[in-house]
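Only one structure is covered here, and it is reproduced in the block below.
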């Protein structure tokens, strides 16, 4: 086997984090920037906002909501057919938030994020600063989430007025509804992040179930997935770095890696990065690849 020099590999991890952050920011900012949202209490009744302009909730303007939704669903289906459940690992808002909570869990309680744990072990100052930051994130992130979801239905200016400028208890039904929604979102976010986590993806999510059905119809020897190059796991020497990197607790070296519902691989690529790093320290090529082509792999 040819030898090459490797450093710490974070190719897929960094690219995936950038993708997750960009998509989350886009999803959060869309209603606040009046790019697209529904106005349930418009001047002339319910309406739709497109790029700052208001239109009636009627044909053909509603096609601006229906067509992108249909395109999104079919796009996810086609992406899944050729690339596996990559949407779950790279673009799903719920999955991205749960991964964020894994770092928060590690900081304030106990979790599996090794980078956060290593940072906390540096000193007491590092540990308590990280816990303070995690506490602020736990308090503020669900509020931002709740208000951003509400902004898809209620004018952002009205939300800010009712929640932050009007004394609580004096804003009427809209204010009561918004504050109740914020409290409920905080509770649900903490429950999902600390307890439910990826069990929702495995057992409840209809998008996950749909992708599992698409994956079952796709050619298994061509679909994108981590692929173990050697014929036996003895080549690893028992390091198990790829297993520790998998946040859904799968063995990426398995010949028939689960891609479907319940316990499916999310195609995050972290296991490949881990293997490249370990093998790089030994000046060897990675034992795991992340590709669609089955050539040279199991």
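Quick look at the values:
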| item | result |
| --- | --- |
| Cα-only Debye scattering, the range 146-270: base-10 log of I(q)/I(0) at q = 0.19, 0.20, 0.23 Å⁻¹ | -1.03, -1.09, -1.27 |
| For the range 11-206: relative contact order, % (alpha-carbon pairs under 8 angstrom, 6 or more apart) | 21 percent |
| Residues 256, 199, sorted so that the one with the fewest Cβ neighbours within 10 Å comes first | 256, 199 |
| Directionally averaged shadow of the range 61-128, computed from the convex hull of its alpha-carbon atoms, nm² | 6.9 nm² |
| Diffusion constant of the range 218-291 at 20 °C, which comes from Stokes-Einstein with the Kirkwood Cα-pair radius and 1.002 mPa s, µm²/s | 171 µm²/s |
| Degrees separating the helix 270-281 axis from the principal Cα axis of the chain, which is the longest one | 40 degrees |
| Cα-based helix-to-principal-axis angle, 206-217 vs the chain, degrees rounded to 10 | 40 degrees |
| CD proxy at 222 nm, helix term only [per DSSP H run n ≥ 4: -39500 (n - 2.57); per residue of the chain; nearest 500] | -16500 deg cm²/dmol |
| Kirkwood-based Rg to Rh ratio, the chain, C-alpha trace | 1.03 |
| Calculated log₁₀ intensity ratio I(q)/I(0) where the Debye formula runs over C-alpha points of the range 99-193, q = 0.15, 0.17, 0.23 Å⁻¹ | -0.66, -0.76, -1.04 |
| Folded to 0 to 90 degrees: helix 93-108 orientation relative to the chain principal axis, Cα | 80 degrees |
| Distance in nm between pseudo-label sites at residue 71 and residue 292 (7 Å out along the Cβ direction from Cα) | 2.1 nm |
| Kirkwood Rh and Cα Rg combined as Rg over Rh, evaluated for the range 10-111 | 1.09 |
| Per-pair calculated FRET efficiency, R0 = 30 Å: residue 19 and residue 132 via Cβ, rounded to 0.05 | 0.60 |
| Fraction of alpha-carbon pairs over 23 Å apart in the range 45-175 - percent | 60 percent |
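The numbers here are math on the coordinates, done by the rules we state, and not lab data. Quantities reported herein were computed from a predicted structural model and do not represent experimental measurements. Counting neighbours? That spans all protein chains shown, and the Cβs are built from the backbone with ideal geometry, glycine included.
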